[in-house]
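Working notes, structure below.
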Amino acid sequence: MTPRTDDVSLRGLLNPPAPPGFTERTIRAVRERNARGDLALRFDIAASSSGVARLRPGTGQTAADTLRARALAGQAREELAEYLRGLRSFFTVPVDLSAVAPFQRSVLDATATIPFGEVRSYRWIAERIGSAKAVRAVGTALGHNPVSIVVPCHRVLRTDGSLGGYALGLELKTRLLGLERETPALVGTDITRTVCRHGCSDEQRFSERHRVVFSSLREARAAGYRACRRCRPTDA
Amino acid sequence: MTAATAPRDRDEPSDAALLAGIAAGDHGSFASLVERYQARFFAVARRMLGDGGEAEDAVQTALLRIFRSAADYRDEWRGSTWLYRVLTNVCIDLWRKRPRGRAAVLEPHVQATTPAADRLDVDRALARLAPEARAILLLCYVEELSYGEIAAVRGISVNTVKTQLARAKRAMRRHLSEVNR
């Protein structure tokens, strides 16, 4: 069935040509991006019974005193591996920031609210924690983030959009931002008509071809999808 | 006539055959698929994300996903259905992640009632639609997919397609009449 074409002029206006050289550029870019492969990082993780307290790229060591701490370190390791492979957009493992000073703690708490794939400025964090003039101090606090990636300080940029700093190196910051642009955040499954945060175990049961990405929970609901009860997606 | 309905040479491989080729690691199949879909993909991405580099980035990301997961394609669907699903998934996700304040596609203002001015008006009206409605409108009027195909692309019912389209068209007319007032 062909849709009704009562807006013939609209169709003409909507259809611009691809820019010159587009094919060659696209094929080259896809080959390059494909060849890049996954980010292979091993982490040293320290956890307490209440959460992950330290997390840095390293040799894969674990520091954990209790059974529960060991389990949390293991969970962090697993979620990080999925995140780096583009299979996960959120972390469920708790963090333990009890050793962190109050100002840095408020900076890290504000940073943790930046949604996956989005970016904010150092100034935004400063304003958000009620210290609008402390932009530089925000940068320093983020530079000493003990739980990189899980508290996503790589999502904080300068106001002009330039990268700013990153304790683990600007190349990794760029790679992480690129990874988050490529990885979807909110994913529905057309078989169950359920919408999940990407990485939820309910979503991972289904293959790529059954996945439908939405821009918000509201839009997913309007399309006839319901929110997953396991990962509980919400709109900001 | 758009590319979507253009008659195809009999000797040309089907989309499904190209996807099978890609899954088997054949770079020639991928190049053919890019040739076949790039203009259509770009038209959708540009209308979803505007003129900046984002549209091109979206098309590349979509094609990268297709390149990597071609083996996941099953012929229960037309090849194009799956291709458009991957593309709309990428565009809608990128729209979600845009910096705030750039939700609307802003372009230089053009005076007079030239075709260019009409196009800008349409762009502005489109930019005010929610991304799901916009994607469905584009699949219908730019790509000329049937309601059934659009439903399969977006994993929704045909009734939802019709509701979203009617709502989107009403909103477009309202925006355009505001512009021309």
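Taken together, the values in this text are just the output of simple stated rules run on the coordinates, not laboratory data. Worth saying up front: this structure is predicted, and the values here are computed from it rather than measured. Every residue, glycine among them, receives a Cβ derived from its backbone with ideal geometry; neighbour counts consider all protein chains shown.
Across bins of 20 angstrom width beginning at 0, how are the C-alpha pair distances of the protein assembly as shown distributed, in whole percent?
Reading upward from the zero bin: 24, 54, 20, 1.
Kindly provide the pair-distance distribution of chain A built from C-alpha pairs, with 10 Å bins from 0 and whole-percent values in order of increasing distance.
The calculated distribution, bin by bin, is 7, 25, 30, 25, 9, 4, 1.
Can you pull the Rg over Rh of segment B:33-79, Cα-only, Kirkwood?
On the way: Rg = 11.8 Å, Rh = 11.5 Å.
Rounded to two decimals, Rg/Rh equals 1.03.
Could you run the Karplus curve 6.51 cos²θ - 1.76 cosθ + 1.60 with θ = phi - 60° over segment A:63-77 and give me ³J(HN,Hα) per residue in whole Hz, x for Gly and Pro?
Values, residue by residue: 10, 7, 8, 10, 4, 5, 4, 5, 5, 5, 4, x, 4, 4, 4 Hz.
With a point put 7 Å past each Cα toward its Cβ, work out how far A:His144 is from A:Asp38 in nm, to one decimal.
Calculated label separation equals 3.4 nm.
With label points built 7 Å along Cα→Cβ from the Cα atoms of B:Ser177 and A:Glu24, find their separation and express it in nm.
4.9 nm
Are there cysteines in chain A with no second cysteine's Cβ under 4.7 Å away, and if so, which?
Lone cysteines by the Cβ rule: A:Cys153.
For a quick check: with amide H placed at 1.01 Å from N, whose amide H comes under 5 Å from A:Gly188's, ignoring anything fewer than 5 positions away on the same chain?
Here the answer is A:Cys196, A:Val212, A:Val213, A:Phe214, since their amide H atoms fall under 5 Å of that of A:Gly188.
Could you go through segment A:181-194 in sequence order and give the Karplus-derived ³J(HN,Hα) for each residue, using 6.51 cos²θ - 1.76 cosθ + 1.60 with θ = phi - 60°, rounded to whole Hz, and x for Gly and Pro?
6, 7, 9, x, 9, 10, 10, x, 10, 6, 7, 9, 6, 10
Could you work out which residue, out of A:Tyr122, A:Tyr225, A:Tyr83, moves most in a Gaussian network model of chain A, that is, has the largest mean-square fluctuation with Cα springs under 10 Å?
A:Tyr225
Give me the net charge of A:Leu84's neighbourhood, meaning all other residues with Cβ under 15 Å from the Cβ of A:Leu84; Lys, Arg count +1, Asp, Glu -1. Please report the intermediate quantities before stating the final value.
Numbers: positive: A:Arg36, A:Arg42, A:Arg56, A:Arg77, A:Arg85, A:Arg88, A:Lys173, A:Arg175, A:Arg181; negative: A:Asp38, A:Glu78, A:Glu79, A:Glu82, A:Glu171, A:Glu180, A:Glu182.
Neighbour charge sum, excluding A:Leu84 itself: +2.
Would you please give the residues with an amide H less than 5 Å from that of A:Arg226, counting only those at least 5 places away or on a separate chain, with H modeled from the backbone geometry?
A:Thr194, A:Val195
What is the set of long-range amide H partners of A:Ala53 at a cut-off below 5 Å, with H atoms built 1.01 Å from backbone N?
The answer is A:Ala46, A:Ala47, A:Ser48, A:Asp96.
Mind checking A:22-29 for the average number of partner chain beta-carbons within 10 Å of each residue's beta-carbon?
6
What's the ranking of B:122-131, A:28-37, A:99-108 by average number of surrounding C-beta atoms within 10 Å, highest first? Show your work: numbers first, answer last.
On the way: B:122-131: 19.8, A:28-37: 13.0, A:99-108: 16.7.
Per-residue Cβ counts within 10 Å, averaged per peptide and sorted highest first, yield B:122-131, A:99-108, A:28-37.
Order of B:157-169, A:188-200 by packing, highest average Cβ count within 10 Å first? Numbers along the way, then the final one.
Numbers: B:157-169: 17.6, A:188-200: 21.8.
Put in order of decreasing packing, that is A:188-200, B:157-169.
Pop out the ³J(HN,Hα) list for segment A:40-57 in order, Karplus 6.51 cos²θ - 1.76 cosθ + 1.60 with θ = phi - 60°, rounded to Hz; leave Gly and Pro as x.
For segment A:40-57, the Karplus-derived couplings read 9, 10, 10, 10, 8, 10, 10, 10, 10, 6, 9, x, 7, 9, 8, 7, 9, x Hz, x marking Gly and Pro.
What is the average number of partner chain Cβ atoms found within 10 Å of a Cβ in B:54-67?
Values: counts 1, 3, 6, 3, 1, 6, 10, 7, 2, 6, 8, 5, 2, 5.
Across the residues of B:54-67, the mean count of other-chain Cβ atoms within 10 Å is 5.
Counting only the backbone N, which residues of segment A:129-172 are under 18 Å from the spot 7 Å out from the Cα of B:Arg68 toward its beta-carbon?
Counting only backbone N, you get A:172.
Please report, for the Cα atoms of segment A:96-236, the Rg to one decimal and the Dmax as a whole number; what are they, in angstrom?
Over segment A:96-236's Cα set, Rg and Dmax evaluate to 17.2, 50 Å.
Please figure out what share of the DSSP beta bridges in the protein assembly as shown is antiparallel and state it in percent, rounded to the nearest 5. Intermediate results must be reported in sequence, preceding the final value.
Values: 13 of 22 bridges.
Percent antiparallel among DSSP bridges in the protein assembly as shown is about 60.
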